[in-house]
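These notes concern the structure reproduced below.
The values are calculated or read from the model by the stated rules, or taken from the named source; none is laboratory data. The shown structure was predicted, so the numbers you read here are calculated from the model rather than taken from an experiment. Here the Cβ positions follow ideal geometry from the backbone for every residue, glycine too, while neighbour counts run over all protein chains shown. Only protein heavy atoms, including side chains, enter the accessible area calculation; ligands, DNA and RNA are left aside. Shrake-Rupley method; radii C 1.70, N 1.55, O 1.52, S 1.80 Å.
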Amino acid sequence: MGAIDYKRFYRILTRCQELGTDAGARPVVGRVYADVLKGSAEAFLTAHKSVLAGESAAGKEGAEANAALVSIDQPYREARAVALAYVPTLAVPDTLKRQPTDTDKVNALEELLDAIDDHVGTPWADEIVNGEFGQRAPMVIKEIRESVEANTALANAKHARATAYGPAYEKYLSFKRVVREVHGPSSKEYKRIHLRAASGGDESAEDGAEG
């Protein structure tokens, strides 16, 4: 079974919506749309829009987080080296590039800040805290967290869309059959809402059965 083409299904459901709510539509088509497909279709359409918005937000936040990480890498390594030079036994995290996840990177930044804060009052620690690393690190942590949150929101939106797809697809098939019988398989109304075999997956089987 091929991957679900959500974008194409969104386009098809939008056409179903246009057909079902057209003032000039056959009464039975409008009634079946309202009673059978409308609720599930609107749930999927809303979920798909949320995914698109989530992808945009995650892309933006991810780019900002990456830029922030690039900007903090050298100040982080410098602060880490200076701290170890003055306190060789100081427990400090590894370099940022060795942190496997964004959460680990946030933890590393916070841990290094905390370790240095314990020595505030000494010239070397004060210089780090008031310097580029100390001033930039909180902003970088904020950017990374916003990126993590955006990716979590995107994952949730994709799950919601996947959940909405099944009911919407089943109701779509019922509505499509009605349109086929009312307007005919060669009608423009039917052709506009007909998922062809090229879309893959269940659509292929359905198109084959009806063809």
Notebook entry, point to check: Going toward the positive end of the dipole of segment 1-134, with +1 on Lys and Arg Cβ and -1 on Asp and Glu Cβ, which of GLN17, SER56, VAL29 do you reach last?
Noted result: VAL29
Check: Over all distinct alpha-carbon pairs, what is the Kirkwood Rh of segment 84-139 in angstrom?
Finding: 11.8 Å
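What whole-number value in Å² describes the accessible area per residue of the chain for a 1.4 Å probe? All intermediate terms of the calculation are to be shown ahead of the outcome.
On the way: 11370 Å² over 211 residues.
For the chain, the solvent-accessible area averages 54 Å² per residue.
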Item checked: Rounded to whole Hz, the Karplus (6.51, -1.76, 1.60) HN-Hα couplings of segment 61-74, x for glycine and proline -> 5, x, 5, 5, 5, 5, 5, 5, 5, 4, 6, 9, 4, 5
Next item on the list: Enumerate the whole-percent occupancy of each 10 Å bin, from 0 to the last occupied one, for all C-alpha pair distances of the chain.
Entry: 8, 25, 18, 12, 12, 12, 9, 4, 0
Check: What residue among ALA79, TYR169, ALA68 has its Cα farthest toward the positive end of the dipole of the chain, where the charges are +1 on Lys, Arg and -1 on Asp, Glu, each on the Cβ?
Finding: TYR169
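For segment 49-132, what is the per residue volume of the convex hull drawn over the alpha-carbon atoms, in cubic angstrom? Don't jump to the answer; show the numbers that get you there.
Details: hull volume 8.3 nm³, N = 84.
Spread over its residues, the Cα hull of segment 49-132 gives 98 Å³ apiece.
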Notebook entry, point to check: What per residue convex hull volume, in Å³, do the alpha-carbon atoms of segment 99-203 yield?
Noted result: 146 Å³
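Using only C-alpha positions, report the orientation-averaged shadow area of the convex hull of segment 109-164, nm², one decimal.
4.2 nm²
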Checklist line | Enclosed volume per residue, in Å³, of the convex hull spanned by Cα atoms of segment 1-102 | finding: 159 Å³
Margin query: Counting only helical runs of four or more DSSP H residues, what would the 222 nm mean residue ellipticity of the chain come to if each run contributes -39,500 (n - 2.57) and the total is spread over all its residues?
Written below: -26500 deg cm²/dmol
Next item on the list: Give the angle, between 0 and 90 degrees and rounded to the nearest 10, that separates the Cα long axis of helix 102-117 from the longest principal axis of the Cα atoms of the chain.
Entry: 20 degrees
Margin query: My understanding is that a pair violates if its Cα-Cα distance is over 20 Å; which of LYS7/LYS49; LYS49/LYS176; LYS105/LYS158; LYS60/LYS158; LYS158/LYS191 do that in this structure?
Written below: LYS49/LYS176; LYS105/LYS158; LYS158/LYS191
Item checked: Cross-link partners of LYS97 among aspartates and glutamates (Cα-Cα below 16 Å; sequence separation of 8 or more within a chain) -> ASP73, GLU78, GLU110, GLU111
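So, with a 1.4 angstrom probe, what is the percent of accessible area on segment 50-185 that is carbon and sulfur? Walk me through the numbers on the way to the answer.
Values: 3820 of 7230 Å².
Within segment 50-185, the accessible surface is 53 percent carbon and sulfur.
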